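What follows is a set of notes on a single structure, which appears directly below.
Please treat every number below as a calculation from the coordinates, not as lab data. Owing to the predicted nature of the structure, the values given are computational and were not obtained by experimental measurement. Quick reminder, even Gly has a Cβ in these numbers, built from the backbone with ideal geometry, and neighbours come from all protein chains shown.
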Amino acid sequence: MQCIGFSVSVATAYHWMKERGIKMVNQVGPLAINLSGHVLDDGKMSNGAGQIPLRYLKPILRFFCTSPNDLIFPGLGEKMNTSYLHLRFCLENEKVSYLGSIVVTLLTQMFDYLEENWEMLCDDIEKGIINPNIDCPQKFRDKYNKKLKPNPERAAFLRKEFEKGFDDPICPRIWPRMQWAYGMMGSNLSVYVEKLRRAIGPNVPIHNMGYAAAEGFFATPTELDVDDYVLLPWCIFFEFLPLNDGEDKADDTVRPLLINELEVGKDYEMIVSNFSGLYRYKVEDVVRVTRMYNNTPQVKLLFRQNLSMNVANEKTTTDMIDAAVDNISKEMGFEYTGFSFYPDFSTKPPRYTMLIEVKDKKFGEEDRQKMVEAVDHQFDEINEKYYKYRRWGMLNKPEVLFLREKTYADYNKYLESKGVVLNQIKPVTVINNEERKDFFFSHVVDEEADLVKSIIGE
């Protein structure tokens with residue numbers, strides 16, 4: 001699966017550039033992934049679905065990847081500060097021409113880390129060391145402290161650019177050969193694509209690496225900078241349940257359609273069967289057929305049914321949530337590290353509670369109330385049913401809680417400690433289980449403790 005994703009990505013980028021008269025330079029760049037795993041009770045290894053195929057590429061990664069294999073393929077239980085280490089190796093290389101990851105959030109996390117820690121990184125490049133305060137195995141540190149050489153010239157250049165700030169895209173300034181980036185950026189990742197744009201600029205195309213899951217590789221884009229994919233019927237056997245207009249759930253009594261029966265512009269709930277024995281599995285994804293690639297449908301992932309909010313039958317999907325928060329951040333002039341929504345039944349009628357980690361800005365109670373009004377207004381604008389149900393008294397006014405600094409980084413570490421592979425950690429758009437609820441509400445700023453108690457009943 002991974003082999004398909006990486007090879008198709010490069011081929012797509014090559015043809016996209018060729019059609020525009022752009023010569024693809026020798027490709028080198030960071031592969032911001034970490035293929036860790038953990039041992040189960042029976043002694044067997046547990047890994048992400050995409051990890052095993054990528055290991056076949058291990059012998060050739062050094063030819064186009066600034067991230068060393070020891071970083072991409074760590075040993076069991078080895079702690080790695082992946083953001084620092086990927087940056088430590090790629091920043092030193094002025095010939096970086098691409099940015100790569102399985103999921104674009106890992107790239108945005110990397111650039112968030114850069115903004116906060118560029119002075120340390122420049123100092124380490126100047127000295128030719130791995131910083132002694134960074135988490136990594138001692139054998140890794142010893143190995144690369146011997147290999148790395150002091151590079152004061154590159155460090156001075158980087159320091160000069162970083163001192164100018166990050167309001168102007170940083171990538172074209174430090175990597176003039178940069179041509180493209182890639183990573184999966186499905187429906188609930190769109191806001192993170194915009195955050196990545198801040199670092200790479202408007203002119204660097206992004207390849208949406210593919211539409212895939214543990215069940216298989218479903219589809220791949222045929223161009224850069226598009227959000228739809230051509231289905232891959234030789235990888236998966238597809239069936240589709242038609243959705244009625246305005247509904248987010250298909251009628252199970254309707255006969256599933258085959259791939260040749262789909263219509264452009266129609267929405268469908270997808271059912272998959274794969275070559276590993278998974279039979280007629282509903283992945284809870286809703287797709288829209290956007291166009292045809294020869295005779296094969298191209299689809300756009302609209303939303304995942306298990307990640308939509310539906311506290312009063314209003315059906316607020318992840319793409320609506322993303323658009324609302326993006327508009328709020330622009331309207332109120334702040335950046336965020338992450339956000340999550342909780343379907344809140346602590347009041348009658350129920351409401352939405354947004355938990356958000358704001359970046360580099362402190363908000364007081366007056367600001368919080370303004371954000372409450374902004375959340376309410378944005379969902380009014382984006383979701384017609386939300387607008388109606390608010391006025392009919394079926395939905396209450398939303399609430400907003402601020403999260404402590406590094407909440408989402410801590411959540412990633414928490415999941416990693418449980419053996420979750422870094423590349424499989426997706427943004428928590430909707431808090432839909434007790435584990436997430438306990439974690440995020442425990443990270444709300446102290447000033448809002450009484451609000452937390454009223455919501456979770458403690």
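Brief remarks follow.
- For region 301-458: rounded, prolate or oblate by the Cα gyration tensor [a/c cutoff 1.5]: rounded
- Whichever aspartates and glutamates have a C-alpha closer than 13 Å to that of Lys266, once near sequence neighbours (fewer than 8 apart) are set aside: Asp245, Glu247, Asp248
- In this structure, the pairs whose alpha-carbon distance is over 24 Å, taken from Lys385/Lys426; Lys195/Lys282; Lys315/Lys397; Lys348/Lys385; Lys348/Lys370, are Lys385/Lys426; Lys195/Lys282.
- For region 265-340 and region 91-131, distance of Cα centres in Å: 31
- Rounded to the nearest whole angstrom, the semi-axes of the ellipsoid equivalent to the chain, taken from the Cα gyration tensor as √(5λ), stand at 36, 30, 22, largest first.
- Of all DSSP beta bridges in the chain, antiparallel share, percent nearest 5: 75
- Summed side-chain charge close to Val283 - residues other than Val283 whose Cβ falls under 13 Å, Lys, Arg +1, Asp, Glu -1: -2
- Spin-label model, Asp450 to Met332: label points 7 Å out along the Cα-to-beta-carbon direction sit 2.0 nm apart.
- Aspartates and glutamates whose Cα lies under 13 Å from that of Lys127, excluding same-chain neighbours fewer than 8 positions away: Glu92, Glu119, Glu153
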